[in-house]
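**Q** First the structure, which I've put down as C-alpha cells, then a few questions once you've had a look.
The values are calculated or read from the model by the stated rules, or taken from the named source; none is laboratory data. As the structure is a computational prediction, the values presented were derived from the model and not from experiment. Neighbour counts are summed over all protein chains in view; Cβ atoms, including those assigned to glycine, are modelled from backbone coordinates with ideal geometry.
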Amino acid sequence: MVAELLLDARAVAKHFGGVKALRDVSLSIRRGEIYGLIGPNGAGKTTFFNCMTGLYVPDGGGFIFDGAPLLADAPHQAAERGIARTFQNIRLFGNMTALENVMVGRHVRTRAGVLGAILQNATTRAEESAIRQRAIDLLHYVRIEDRTDDLAKNLSYGDQRRLEIARALATEPKLLCLDEPAAGMNGTETAELRELIDGIRRDGTTILLIEHDVKLVMGLCDRVAVLDYGALVIEDVPAVVQKDQRVIEAYLGA
Amino acid sequence: MKNWLNPRSIFGITLIAVALIALPFVAAMGGQAWVRITNFAILYIFLALGLNIVVGFAGLLDLGYIAFYAVGAYVYALLASPHFGLHLPFWVILPIGAMVACVFGVLLGSPTLKLRGDYLAIVTLGFGEIVRIFLNNLNAPINITNGPQGITLIDPVAIGSFKFSGTTQVLGYSLSGPQKYYFLLVALAILIIIINLRLQNSRVGRAWQAIREDEIAAKAVGINTRNLKLLAFAMGASFGGVAGGIFAAMQGFVSPESFSLMESITILAMVVLGGMGHIPGVILGAVLLSILPEVLRYGVGPAQMALFGKMLIDPESLRLLMFGLALVLVMRFKPAGLWPSPERKRELQGDA
C-alpha cells in the first residue's frame, strides 16, 4: 500500500548558535500535490530545505519520506531516495555543457564503475547511450534543446534555471524541491515557469516550492505553509492562508 | 562516436607508430643518454597522467604525489633485490606496487576529504615529506629501506630469460638496454592513455568533473563525493606506483633523494603547463618539462662558448634560470596551458 503522505516533517528544529532558524516545524506533503512554502526573508525556508536534503543536520525532529526515515547528513542518499532540488542561487556545473550537466544528474540512477569505463563492455556502452538519450529528452522537456552543447555558465539566467530543473529531474525524483525558481524573472518568464512546474506535476512528480512571489504560489499551489521566525504559522489551502490574519501581519508587519 | 577506420586516421596512426618505433634509434645517434632521457620523458607521462586524475579531473590539489612514485619504487626494490634476497618477477611486483600505492592513496585521501584548495595542498605536501622521511629513516631498529644509502642491485625487468638490461640481438639488430625499456614503456604508456581517455568520458569521469565544479551541487544530485574523491586518489596513486616500479627496475637503484618535494612540484607543473584535465596537453607538458632541462643542459655550455668564446655563467644555474623563465612565459601568455581542452579554453575566454 502506498501511503498518501510523501513527506512528513516532524518537529524539525535547527539553530545556529543562539539563532533559532527552525522551531519544531511539522508539516506534511501529499503525493502529487504542489506544496508551497512561503515566509518573509530569514523565516527559515531554505534552512528547512537544507535539513531535508541532508546538507544540514537538524538539531531535533526528523523526516519520514516515502514511508521510511531520511538519514541526516547524507545528501547523496536523499537524492537516491528520490528527493531532488534546485538552489536559490543557481548551482550548475558551469564549465560543463548543458547536456553534461543533465548527464551528471543520471549518476544516481546508473551503475557503471571504473572497470566498466576502462573495458567499455556492452553493458557500459548501452548505459552510456541511455544516459545521453535521457539527458537530450530532458533538455527538450524544459525547452532548452538548442543550448545542448553550450557551457552552462554561458546560458541566460532563465535557461540556467531550466537547466537546473532538468538536472534535478534526471535523478527521477519523487519530490522535486524548487528554491525560489522565479527569483529575478520577469512576468513572461514567470508565466512560462509556471507552465513548466504544472507540467512536471501532471507527469507525476510531487513538488515543493519555496517562493517569494506570493501571486505565483497562491495561483499554483494546492496547499501552502507559512513560516515566520522559524516557526510554522499555518498550513492550508491558498484561499484560507491568504485571509489569515497572522500571515498578513507576518508579511506586512504588525 | 569517432570512426577510427577512415583513411585519415589510419594514416595518422601509422605515422605516429612509425615515429614511435624510429624514435629510440634516432635518439641513440646522439648517444644512449638520449634514449634514457626519452625513457624518463615517458615515465613522467605516466606520473603526469596519474596526477591529472586527481588534480585535473577531480580538482583536488595534490602536492605530495611523488610519495606514490616512491612507494611503487620501494616496493619493487624490496621485492627484487639482494636487500631481502627476494627476486619476484616484475609482472608480480608491478600490480603489488600499484596496489600498495593505491592503499597509500586512500590513506592520504581519507583524512583530507573535507579539505579543498590550499588546505588540501598543505596536507598533501606534508604527506609527501612524511613518506620521504620515513624512507630515509627506516634503517633502524630494523633495516627495511636501508636509509639514505638506498637500495642497490635491483633486478631489471625480465620476461623469462629475456632481460631488459644489457644489449641483445633482435632480428639481426642490436638493441641496447634503454632501447628495450623504451618499447616496454611505450606499450604501458599506450595502455595508461587509453585508460585515462576512457575514464574521462565515463560516468565516473563526469562525476569527478562535477565535484571539481561544485561539490554541493554534486552531492545534491546524488554523487557520493567521499567515495569518488577516494577513488580519484586511489587511481592516481596506482599510476604513480606503476611508474615507480619501472623507475626502480630501470635505474637498478633507489634512494629517498629521488622523491623530493621538487619532483612533486615538477609533475604538477607538467599538468598545469600542458593543460589541466586535457590528456594530450598533459602528455605534451610532461614531454616538454622532462626534455627541456636536458636540452638546456647540453645546449647552454656550447652555446655560450660559441657566442662569447668563454663560459660567462655556470651552465647549471643558467639552465634552471631559463627553465623558470620558460614556465613564467607560458603561464603569462597561455594561462590555460599549452594545449588546453576546448572547454577550458572557452572558459578562460568567456571570463575575459
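**Q** Of the conditions (1) more than 30 Å from B:P82 (Cα to Cα); (2) away from every other protein chain (no Cβ under 14 Å), B:E263 satisfies every one except a single condition; which number is it?
**A** Checking B:E263 against (1) more than 30 Å from B:P82 (Cα to Cα); (2) away from every other protein chain (no Cβ under 14 Å), the one that fails is (1).
**Q** Quick check on A:I118: is it in contact with a Cys (Cβ under 6 Å, 6 or more places away or on another chain) and on the phi < 0 side of the Ramachandran plot?
**A** no
**Q** Confirm whether B:R212 is modelled with pLDDT under 95, surrounded by fewer than 20 Cβ atoms within 10 Å (Cβ to Cβ) and either assigned by TED's automatic domain parsing to the domain that holds B:I66 or not small (G, A, S) (or both).
**A** Criteria not met by B:R212.
**Q** So, one more: List pairs: first residue in region A:49-60 and within 10 Å of chain B (Cβ to nearest Cβ), second residue surrounded by fewer than 22 Cβ atoms within 10 Å (Cβ to Cβ) and among the charged types (D, E, K, R) anywhere in the structure, Cβ distance under 9 angstrom, at least six positions apart or on different chains.
**A** A:G54/A:D73; A:L55/A:D73
**Q** Among the residues of region A:103-120 satisfying the criterion of being more than 7 Å from chain B (Cβ to nearest Cβ) and under 24 Å from A:D149 (Cα atoms), which is surrounded by the fewest Cβ atoms within 10 Å (Cβ to Cβ)?
**A** A:R109
**Q** From the list A:R167, A:R132, A:R161, which one is buried (at least 19 other Cβ atoms within 10 Å of the Cβ) and within 12 Å of another protein chain (Cβ to nearest Cβ)?
**A** Being buried (at least 19 other Cβ atoms within 10 Å of the Cβ) and within 12 Å of another protein chain (Cβ to nearest Cβ) holds for just one of A:R167, A:R132, A:R161, which is A:R167.
**Q** Given the residues B:I211, B:I216, B:I192, which is the only one that is β-branched (V, I, T), under 30 Å from B:F57 (Cα atoms) and in contact with a Gly (Cβ under 7 Å, 6 or more places away or on another chain)?
**A** B:I211
**Q** Still on this structure, please answer the following. Output the number of residues of region A:144-189 satisfying the condition of being closer than 22 Å to A:H76 by Cα, β-branched (V, I, T) and out of contact with any Pro (no Cβ under 9 Å at 6 or more places or on another chain).
**A** Summing the residues that are closer than 22 Å to A:H76 by Cα, β-branched (V, I, T) and out of contact with any Pro (no Cβ under 9 Å at 6 or more places or on another chain) in region A:144-189 gives 1.
**Q** So for region A:61-74 (the condition being in contact with an Asp or Glu (Cβ under 6 Å, 6 or more places away or on another chain) and either within 12 Å of another protein chain (Cβ to nearest Cβ) or at pLDDT 90 or above (or both)), does at least one residue qualify?
**A** There is at least one residue in region A:61-74 that is in contact with an Asp or Glu (Cβ under 6 Å, 6 or more places away or on another chain) and either within 12 Å of another protein chain (Cβ to nearest Cβ) or at pLDDT 90 or above (or both).
**Q** Then there is this: If I go through region A:135-158 residue by residue, how many of them are without any contact (Cβ under 8 Å) to a residue 40 or more places away in the chain and crowded, with 21+ Cβ neighbours inside 10 Å?
**A** 2
**Q** Sticking with this structure for a sec: I want to confirm something. Restricting to region B:85-144 and keeping residues that are basic (K, R) and out of contact with any helix residue (DSSP H, G or I) (no Cβ under 6 Å at 6 or more places or on another chain), which single residue is modelled with the lowest pLDDT?
**A** So, considering only residues that are basic (K, R) and out of contact with any helix residue (DSSP H, G or I) (no Cβ under 6 Å at 6 or more places or on another chain), the one modelled with the lowest pLDDT is B:R116.
**Q** Can you name the number of the only condition in (1) modelled with pLDDT under 90; (2) farther than 27 Å from A:T148 by Cβ; (3) within 14 Å of chain B (Cβ to nearest Cβ) that A:G17 fails?
**A** Going through the list (1) modelled with pLDDT under 90; (2) farther than 27 Å from A:T148 by Cβ; (3) within 14 Å of chain B (Cβ to nearest Cβ), A:G17 breaks only (3).
**Q** Follow-up. Output the residue which, of all residues in region A:77-102 that are more than 7 Å from every other protein chain (Cβ to nearest Cβ) and closer than 18 Å to B:L228 by Cβ, is surrounded by the fewest Cβ atoms within 10 Å (Cβ to Cβ).
**A** Checking each candidate, the answer is A:Q77.
**Q** Next question. Looking at region B:29-60 only, could you name the residues that are β-branched (V, I, T) and more than 8 Å from the chain's Cα centre (by Cα)?
**A** Those that are β-branched (V, I, T) and more than 8 Å from the chain's Cα centre (by Cα): B:V35, B:I37, B:T38, B:I53, B:V54, B:V55.
**Q** Restricting to region A:120-152, give me the number of residues that are in contact with a helix residue (DSSP H, G or I) (Cβ under 6 Å, 6 or more places away or on another chain), part of a helix (DSSP H, G or I) and closer than 22 Å to A:L196 by Cα.
**A** Of the residues in region A:120-152, 6 are in contact with a helix residue (DSSP H, G or I) (Cβ under 6 Å, 6 or more places away or on another chain), part of a helix (DSSP H, G or I) and closer than 22 Å to A:L196 by Cα.
**Q** Restricting attention to region B:299-315, report how many residues are surrounded by fewer than 12 Cβ atoms within 10 Å (Cβ to Cβ) and in contact (Cβ under 8 Å) with a residue 12 or more places away in the chain.
**A** Going through region B:299-315 one residue at a time, the tally reaches 0.
**Q** For B:M331, are the conditions met, namely being modelled with pLDDT of 80 or more and either part of a helix (DSSP H, G or I) or in contact with a Ser or Thr (Cβ under 7 Å, 6 or more places away or on another chain) (or both)?
**A** For B:M331, the condition - modelled with pLDDT of 80 or more and either part of a helix (DSSP H, G or I) or in contact with a Ser or Thr (Cβ under 7 Å, 6 or more places away or on another chain) (or both) - is met.
**Q** When only residues in region A:14-61 that are of a type in the set (F, W, Y) and within 22 Å of A:I200 (Cα to Cα) count, which is surrounded by the most Cβ atoms within 10 Å (Cβ to Cβ)?
**A** Of everything passing the filter in region A:14-61, A:Y35 is surrounded by the most Cβ atoms within 10 Å (Cβ to Cβ).
**Q** Which pairs turn up if I take residues in region B:105-116 that are touching a residue at least 12 places away in the same chain (Cβ under 8 Å) and in the same structural domain as B:A237 (by TED's automatic domain parsing) and look for partners that are part of a loop (DSSP other than H, G, I, E, B) and of a type in the set (A, V, I, L, M) with beta carbon separation below 6 Å, at least 6 apart in sequence or on another chain?
**A** none
**Q** Still on this structure, please answer the following. Quick check, is A:G42 away from every other protein chain (no Cβ under 14 Å) and under 13 Å from the mean Cα position of the chain (by Cα)?
**A** Against the criterion (away from every other protein chain (no Cβ under 14 Å) and under 13 Å from the mean Cα position of the chain (by Cα)), A:G42 does not qualify.
**Q** Can I ask one more? Which ones in region B:125-157 are among the small types (G, A, S), within 22 Å of the chain's Cα centre (by Cα) and either surrounded by 15 or more Cβ atoms within 10 Å (Cβ to Cβ) or part of a loop (DSSP other than H, G, I, E, B) (or both)?
**A** The answer is B:G128, B:G150.
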